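Scroll down for the structure; my scribbles are underneath it.
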Amino acid sequence: MNTLRSLFALLLATALCTCGPATPDRVAATESTPPPKIVFVTGDEEYRSEESMPMLAAILERELGAETVVGYSLDSAGYIAPNNVYHISELDELADADLMVVFTRFRQLPADQARKITDYAESGRPIVGFRTSTHAFRYTEPQDSSLMVLNNAWPTKVFGQQWITHHGHFADGHGRLTDVTLVDARADSPILNGVKPFEAYSWLYHVDGGDWKLSGDSEPLLMGHSLRSNHEAEGRLDEFPLDNPVAWTKTYTGDSGRAARVFFTTLGHPFDFREESMRKLALNGIYWALRRESEIPGGGVKAEFVTPYEPNNSGFGEEYKAGVKPQPTND
């Protein structure tokens, strides 16, 4: 897709842009809205972000004409290896990205790789985060002491919260554990266009209540109600209530001084994305972060799959699809 951006720049420079009419499946570039470059930073050993994020990327190429790049945790032979917490590919692509989408969990990246992510965040460009990005990093070794700010302080200020706890796994992937509903006061948000209440496979994360509050100007869009809860059985609902935000918007002002739009959801179980409303939420949130909310249809961004989406279930160890190398999202 790099050729698409180069072609656009050439046509604009020579005043010969003849992009043609938009089609139902693809939004044509114009002088005011060139095709955005979206970089997905994946790397989690539990929730199959290596499957869900390329699926979203392919839809965005179709619907937005976007150039998409997906970075993965890879092994030394170039195979996708979510358990490798020390590497994510394609991070150089963040230098000129229009949007960074993060779905990582407890990564221990070398400082030079982590800096590419944090430099992007400080640039004032928009960010979208999924589920375990509240704990995107985990540094524990003394030699990484300078990076430990990324464990809790960084996700709190950028995304709105750090890792705290959840209400329990309970038959992962074999039952729905969170009832998701719209926040009435935000019902007119374009991010919720076409989004209907649904039951998610994601167990509910605690982000607000008791001793914890969402940070900054976070404004919830969706609420989740835990359908099964360890904390309820333990009599701790005063600390960890059954109802918690599962999607919100906020801003983050980094070193650039510019306030970046941030969309975040704690949902993200691989089976959640089989729900059309979940895909619309993610896609609408991306459009909004890019300040393209005027392009979100009343029924939400078209969310049909480009290719069949058949992810593995969540889980640790060898639950991911082995022997897979990164593939172009537009194949």
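What follows draws every value from the coordinates through simple rules; no lab data is involved. Since this is a predicted model, take the numbers as computed values, not measurements. Here the Cβ positions follow ideal geometry from the backbone for every residue, glycine too, while neighbour counts run over all protein chains shown.
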### Most fluctuating residue given options THR165, THR178, THR134, as computed from a GNM of the chain linking Cα atoms under 10 Å
THR165
### Message
Using a Cα-Cα cut-off of under 19 Å, which lysines could be cross-linked to LYS116, ignoring same-chain neighbours fewer than 8 residues away?
### Response
LYS37, LYS157
### Query
Which one of SER89, SER76, SER49 has the biggest mean-square fluctuation once the chain is modelled by GNM with Cα springs under 10 Å?
SER76
### Query
Got the relative contact order for segment 117-199 handy, in percent, Cα pairs under 8 Å and 6 or more residues apart?
20 percent
### Query
Within the chain, what is the longest stretch that has no chymotrypsin sites (Phe, Trp or Tyr not before Pro) placed in a DSSP loop and near at most 13 other beta-carbon atoms within 10 Å?
87-315
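If the convex hull of the alpha-carbon atoms of segment 176-301 is projected onto planes in all directions, what is the mean projected area in square nanometres?
If I average the Cα hull's projected area over directions, I get 8.3 nm².
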### Query
For segment 41-111, what percent of Cα pairs sit more than 19 Å apart?
32 percent
## Note on the structure
In whole percents, the bins of 10 Å from zero upward hold the Cα-Cα pairs of the chain as 6, 26, 36, 24, 6, 1, 0
### Query
So, with +1 on the Cβ of K and R and -1 on the Cβ of D and E, and no other charges, what is the size of the charge dipole of the chain about its Cα centre, to the nearest 20 debye?
540 debye
### Task
Please work out the FRET efficiency for the pair GLU295 and ASP75, using the Cβ-Cβ distance as r and a Förster radius of 22 Å; give the result to the nearest 0.05.
0.05
### Query
Which GluC sites (Glu not before Pro) from segment 254-320 combine a DSSP loop assignment with at most 12 other Cβ atoms within 10 Å?
GLU304, GLU318
### Message
Apply the Karplus curve 6.51 cos²θ - 1.76 cosθ + 1.60, θ = phi - 60°, to the phi angles in segment 246-262 and return the couplings in whole Hz, x for Gly and Pro.
### Response
10, 7, 7, 10, 7, 10, 9, 9, x, 4, 5, x, 8, 7, 8, 6, 10
### Query
Expressed as a whole number of Å, what is the distance separating the alpha-carbon centroids of segment 31-74 and segment 249-328?
8 Å
### Query
How much length is gained on full extension from GLU219 to ARG186, taking 0.36 nm per residue of separation minus their Cα-Cα distance?
11.0 nm
### At R0 = 41 Å, FRET efficiency that the Cβ-Cβ distance of LYS196 and GLN143 yields, to 0.05
0.25
## Note on the structure
the chain: relative contact order from alpha carbon pairs under 8 Å, six or more residues apart, as a whole percent, is 19 percent
### Query
Going by the alpha-carbon gyration tensor, a ≥ b ≥ c the square roots of its eigenvalues, is segment 189-250 rounded (a/c under 1.5) or, if a/c is not under 1.5, prolate (a/b greater than b/c) versus oblate?
oblate
### Message
On a straight-distance basis, which aspartates and glutamates could pair with LYS325 in a cross-link, Cα separation under 17 angstrom, same-chain partners fewer than 8 positions away excluded?
### Response
ASP44, GLU45, GLU50, GLU51, ASP75, GLU90, GLU310
